[in-house]
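S.K.: The structure that follows is given in the form of structure tokens.
The values are calculated or read from the model by the stated rules, or taken from the named source; none is laboratory data. Remember, it's a predicted structure, so these values are computed and weren't measured experimentally. Using ideal geometry, Cβ is built from the backbone for each residue, glycine included, and neighbour counts are taken over all protein chains shown. Quick note on the areas: whole protein, heavy atoms, side chains included, nothing else; ligands and nucleic acids left out. Shrake-Rupley method; radii C 1.70, N 1.55, O 1.52, S 1.80 Å.
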Amino acid sequence: ASTGRARERAETRAAAVVATLRLPAETGPGGGLARLLADAYRNDLRADVAVVLPAEATTRLAAHGLTAAEIQTAATGDATLLSIQMVGKDLAELLENAVARATPCCEFSGIRVEYDPKGKAWDRVRRARLTSSGKELEPKRTYLVALSTRLLEGDGFSLGSTDCQPVTGCRTPGQLSRWIVERSSRSPADALRDYLRNLRQPVTPPDDRRLLPTR
């Protein structure tokens, strides 16, 4: 009987409306859902910057009252969040990896990046500024970067690879051991649910461009 009551309580929580969207949050590169997820990661871990693969946001969220179950479906999977302490030089290398291909691999929060899509791979970023302060990255300053374990499994993105050159790729592969890493038990869906719940309702998915091609 107690198991049945616990199941009923869990089902009730999953069906309760936790937030309302004014407009749909679409999936895919440049979609509002990936930006929402990046904002949620950064908020959840109190990070300076967050990075998200669009594939982490799997199902669009419609413009209506959202239940916890719908949010779970939008960011499904068994990934958990990580916070990584990176100096500005390492974060700049991460940004270069993100825009190394013709189409950027990721969505960001907390930073605006101007890059030349026609420049040489791993030499495309022209300017990167934190949105909180408007200041450019400082090579020796430490920043807190939020991401999920899903990013570590993503195809075509090597976290923290160095000595990268066009055609030949990166000589030194990325390794988490380079940094101080804190592993959280929080899932992407946990972060997104709580973030949406605490925003002013109804929520408008962010449509600001964070990766800005210079030409």
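S.K.: Can you tell me which residue in the range 59-117 is farthest from Pro24 (Cα to Cα), limited to those that are open to solvent by 30 Å² or more (accessible area, probe 1.4 Å) and hydroxyl-bearing (Ser, Thr, Tyr)?
M.R.: Selected residue: Thr80.
S.K.: Having 2 or more residues that are without any contact (Cβ under 8 Å) to a residue 60 or more places away in the chain is the bar; report the strands (runs of 3 or more DSSP E) wholly within the range 69-142 that clear it. Lay out the reasoning, then the answer.
M.R.: Details: elements: 81-87, 107-109, 111-115, 125-130.
Strands (runs of 3 or more DSSP E) meeting the threshold: 125-130.
S.K.: Are any residues in the range 15-38 of a type in the set (A, V, I, L, M), open to solvent by less than 60 Å² (accessible area, probe 1.4 Å) and not in a strand (DSSP E or B), and if so, which ones?
M.R.: Of all residues in the range 15-38, those of a type in the set (A, V, I, L, M) come to 15-19, 21, 23, 25, 33-34, 36-38.
Within this subset, residues satisfying the condition of being open to solvent by less than 60 Å² (accessible area, probe 1.4 Å) are 16, 18-19, 21, 25, 33-34, 36-38.
The answer is Ala16, Leu33, Ala34, Leu36, Leu37, Ala38.
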